[in-house]
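Below is one structure, written out as structure tokens; comments come after it.
The values are calculated or read from the model by the stated rules, or taken from the named source; none is laboratory data. On a predicted model such as this, the values are computed, not experimentally measured, just so you know. Please note: Cβ atoms are built from the backbone with ideal geometry, for glycine as well, and neighbour counts cover all protein chains shown. Surface accessibility is based on the protein's heavy atoms, side chains included, excluding ligands, DNA and RNA. Shrake-Rupley method; radii C 1.70, N 1.55, O 1.52, S 1.80 Å.
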Amino acid sequence: MNVTAVSGVPNSEPQDNMEFDSNEAAYEFYKEYAKSVGFGTAKLSSRRSRASKEFIDAKFSCIRYGNKQQSDDAINPRPSPKIGCKASMHVKRKPNGKWYIHSFIKEHNHELLPSQSHFFRSHRNSDPLKNDAKVRRKTILAAMSKQYGVYQCSGLENYIRNQNDRGRNLTLEEGDAQLLLELFVTMQEENPKFFYAVDLNEEHQLRNVFWVDAKGMDDYTNFSDAVSFDTTYFVNKYKLPLVLFIGVNQHCQPTLLGCALISDETLFTFIWLFQTWYLAIGSRAPNVILSDQSNSIETAIAAVFPETRHCYGLWHVLEKVSRQLDYLNPWHDTFMAKFGKCIHKSWTDEEFDRRWAKLVNKFNLGDDTWFQSLYQDRKLWAPTFIKNISLAGLSTPSRSQSPTSFFDKYIHAETSLRDFVEQYKVIMEDRYEEQAKADFDAWHEAPELKSPSPFEKQLSIVYTHEIFKKFQVEVLGAAACHLKIEKEDGNSITYIVKDFESSQDYMVEWNGTQLDICCSCRSFEFKGYLCRHAVVVLQMSGVFTIPFKYVLQRWTNAAASRYPISEKLENVQTKTRRFNDLCRRAIILGEEGSISQESYKIALSAIKDALLQCSNANNSAENELRPSTSTSLGIYGTEEEDQGVATVSKEPVPNLNVNKLNKGVKRTESGKEKSKYDNTAIVKEKVPAQPEVVNIGIDASFHQMELPNTRLLQFHNMMPPHLHGVVPTMFQNVASTQFHNVASAQLQNSRLPH
């Protein structure tokens, strides 16, 4: 059998009777075989004839062939995937010039990953057509749907009547509403956990729409520490009035936590949107939420999320400075230099105030109401005042550096709703593809150490690859820093660190007793990991491990774990190895257990027993940690779910912070007045038993949607009496609701969520 005989069957297993025109042709065949089976390849060795100098022998192998050869005293050991695998193919050249298979070893000592073969270096870009992400999207979607499709059905339509804004509605082209609903129906068919909600005005026209997929809900459970609410496209008058809830995963990649189309920027719209998002994400408020400057957004966040820290994105502020102060253009460079020094170099509140006052006097800004409002809101955005929180890289100096800009390459000023709907799945699949690749690399590649630093070695396994690379830059940059003691105050020492790379000085305060460290560059607060200035102070103070409090779990390989990381970071490394090993074994179990119904029952029973035993062992070992009581349901689902029965959600609606809503002083968007919230106690009333949230069926015409009398739900009963009529009701009895621009017979009842 020559090479042409097998060229049409690239995934054929190597056989003794195969022949190839060259050793390169043999290697290409072995690569195609490896790609179909699920492992990476390498050219292990080759040999030339002493007489003819031509190749006569070659051996190809799995990338995990052999064992890592590394001396014990290596300073910077290079990462290696070798684990002693024997899989290989040995070819030799015949006198006639043909190549034949001399030996072939098929067996591997590790799991094979055919669905992720394109991530191996030997298979990247080997076939541009087959390697195109679009070709793999169906496979990825199927895997994602399988992973996230075991949850309860939570599709909702929420109807809100805004008595103070009756006429506003989404500006839609003919057929847009139908197109949007078709997207929702399709997404919910693919995954019952897909969540969407609509808001209708008094004329029963579509006013606001919100949706989030299962992946977004799952990501929020792990990365709810910082969320950006991005209204850029709406504020800039894009044709598509899109607003986004965006987070960041452990690989520093943007995650989409919710989307909405809104008709206006009123307080009522944002309260409806935040309440709906709160329901969708499991009724758990974020630690920090970032947004643009807006009185309506600020008041709505304070009312719906009273315990959440609200901040302005730094790039929002810096972008507006040039636009709002355009009359300073002749002195732009001088002003921005002074302004940058004020916000980035002020170590104390007093120093910030003093420099701000100099700015106002030097550039005659005392009468500029917007600039004064910026000072009044300084604690929401200025780095000097961002303390005791982490913004996870969401607040950057420019939008292009921010994870929130990932939609910009898909959406432009003239992008229509139809264009957006057509590429929505493409956008989400691109996100899944990037995360899948990052997860794959974390499993199969160890980061390369570039210095003998104990800090680098400590976090090389703990951090994900992307974060480790960023931290590694800081470790290497510490060599260009010089420090001197500025002052000592009890257990605290303040250093001045001169960074020769940036030619700037930074203040670092270190408390050796409490292991507290803080730098004026605010790297930890804004990025989530320590800077080079803190690293050099730790090093000179005789501390050679990063304190546990400065290693955020969200950046580690254990980010998705329901247990917090241990204070001993070595345990994180060990846990990561155990986790990766169990995942590999689970893949093998899944393949074997799915072959027959009998093997499936055996595997399922073993998993249930193992899960119960592990939970009992963890509970007895760590009494302070409480595993989720819904773990079993999260993995296996309920009997009703197996039969396709939608379970009614009973998540509570967030209580509104009445003091912050009522005591807010209205101000114009130009900044003439400021919202002031005092520190009085939050008014709480006895809340009755939470009503059920209803999944509303839609008839074939989409012209009418009726709520049964048994489901008449009034959100007024869940709110303080004096807010009735002020805050939009969450549920109303809509007897005859019509969708705007919806054709009557284009969607069949069988395609709609029930």
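Quick notes on this one:
- Filter pass, Lys59 being out of contact with any helix residue (DSSP H, G or I) (no Cβ under 9 Å at 6 or more places or on another chain), modelled with pLDDT of 90 or more and not in a loop (DSSP other than H, G, I, E, B): yes
A quick yes/no check of all residues on (1) closer than 13 Å to Asn208 by Cβ; (2) open to solvent by less than 10 Å² (accessible area, probe 1.4 Å):
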| position | (1), (2) |
| --- | --- |
| Phe223 | no, yes |
| Asn236 | no, no |
| Gln253 | no, no |
| Leu257 | no, yes |
| Ile262 | yes, yes |
| Thr266 | yes, no |
| Thr269 | yes, yes |
| Trp272 | yes, yes |
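- When restricted to residues that are closer than 22 Å to His344 by Cβ and open to solvent by 70 Å² or more (accessible area, probe 1.4 Å), region 510-548 contains 1.
Conditions tested, residue by residue: (1) surrounded by 10 or more Cβ atoms within 10 Å (Cβ to Cβ); (2) modelled with pLDDT of 75 or more; (3) within 24 Å of the chain's Cα centre (by Cα).
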| residue | (1), (2), (3) |
| --- | --- |
| Gln573 | yes, no, yes |
| Arg585 | yes, yes, no |
| Ile588 | yes, yes, no |
| Glu592 | yes, yes, no |
| Ala621 | no, no, no |
| Leu633 | yes, no, no |
| Glu639 | no, no, no |
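- Checked across region 546-554, the condition of being at pLDDT below 90, among the charged types (D, E, K, R) and either assigned to a loop (DSSP other than H, G, I, E, B) or closer than 30 Å to Asn619 by Cβ (or both) holds for no residue.
- Residues that are over 14 Å from Glu173 (Cβ atoms) and either modelled with pLDDT of 90 or more or open to solvent by 10 Å² or more (accessible area, probe 1.4 Å) (or both) within region 411-421 comprise His412, Ala413, listed in sequence order.
Here is a yes/no grid of residues against (1) acidic (Asp, Glu); (2) modelled with pLDDT of 90 or more; (3) open to solvent by less than 60 Å² (accessible area, probe 1.4 Å); (4) under 22 Å from Ser395 (Cα atoms):
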| site | (1), (2), (3), (4) |
| --- | --- |
| Gln324 | no, no, no, yes |
| Asn329 | no, no, no, no |
| His332 | no, no, no, no |
| Lys338 | no, yes, no, yes |
| Cys342 | no, yes, yes, yes |
| Glu350 | yes, yes, no, no |
| Arg355 | no, yes, yes, no |
| Gly366 | no, no, yes, no |
| Trp370 | no, yes, yes, yes |
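- Cβ-Cβ under 7 Å pairs, at least 6 apart or on other chains, region 217-242 side over 21 Å from Leu314 (Cα atoms) and modelled with pLDDT of 90 or more, far side of a type in the set (D, E, K, R) and open to solvent by 10 Å² or more (accessible area, probe 1.4 Å): Met217/Lys193
- Top-ranked residue of region 178-204 - restricted to ones that are open to solvent by less than 50 Å² (accessible area, probe 1.4 Å), within 21 Å of Phe268 (Cβ to Cβ) and not in a strand (DSSP E or B), ranked as modelled with the highest pLDDT: Asn201
- Within region 452-477, being open to solvent by 10 Å² or more (accessible area, probe 1.4 Å), among the aliphatic types (A, V, I, L, M) and in contact with a Ser or Thr (Cβ under 8 Å, 6 or more places away or on another chain) holds for Ile461, Val475, Leu476.
- Residue check: Thr396 meets all listed conditions (1) over 25 Å from Ser523 (Cα atoms); (2) open to solvent by less than 70 Å² (accessible area, probe 1.4 Å) but one, namely (1).
- If you go through region 475-533 and pick out every residue that is among the aliphatic types (A, V, I, L, M), touching a residue at least 40 places away in the same chain (Cβ under 8 Å) and part of a loop (DSSP other than H, G, I, E, B), you end up with 1.
- Of all residue pairs spaced 6 or more apart or on separate chains, those with beta-carbon atoms under 7 Å, a first member in region 578-590 that is within 15 Å of Ile602 (Cα to Cα) and a second member that is part of a helix (DSSP H, G or I) are Leu589/Ala603.
- Sole exception among (1) more than 30 Å from Leu582 (Cα to Cα); (2) surrounded by fewer than 17 Cβ atoms within 10 Å (Cβ to Cβ); (3) free of Cβ contacts under 8 Å to residues at least 40 places away in the same chain for Tyr375, by number: (2)
- Residue pairs whose Cβ atoms lie under 7 Å apart, separated by 6 or more positions or on different chains, with the first residue in region 85-103 and more than 19 Å from Glu32 (Cβ to Cβ) and the second aliphatic (A, V, I, L, M), are Lys86/Ile105; Lys92/Ile56; Arg93/Ile56; His102/Val91.
- Subset of region 205-216 (residues that are assigned to a helix (DSSP H, G or I) and either open to solvent by 10 Å² or more (accessible area, probe 1.4 Å) or under 19 Å from Phe234 (Cα atoms) (or both)): Lys215
- Region 445-474, subset in a helix (DSSP H, G or I) and of a type in the set (Asp, Glu), residue farthest from Gln539 (Cα to Cα): Glu466
- On inspection, Lys94 qualifies as at pLDDT 90 or above, surrounded by fewer than 16 Cβ atoms within 10 Å (Cβ to Cβ) and either out of contact with any Pro (no Cβ under 6 Å at 6 or more places or on another chain) or more than 30 Å from Pro454 (Cα to Cα) (or both).
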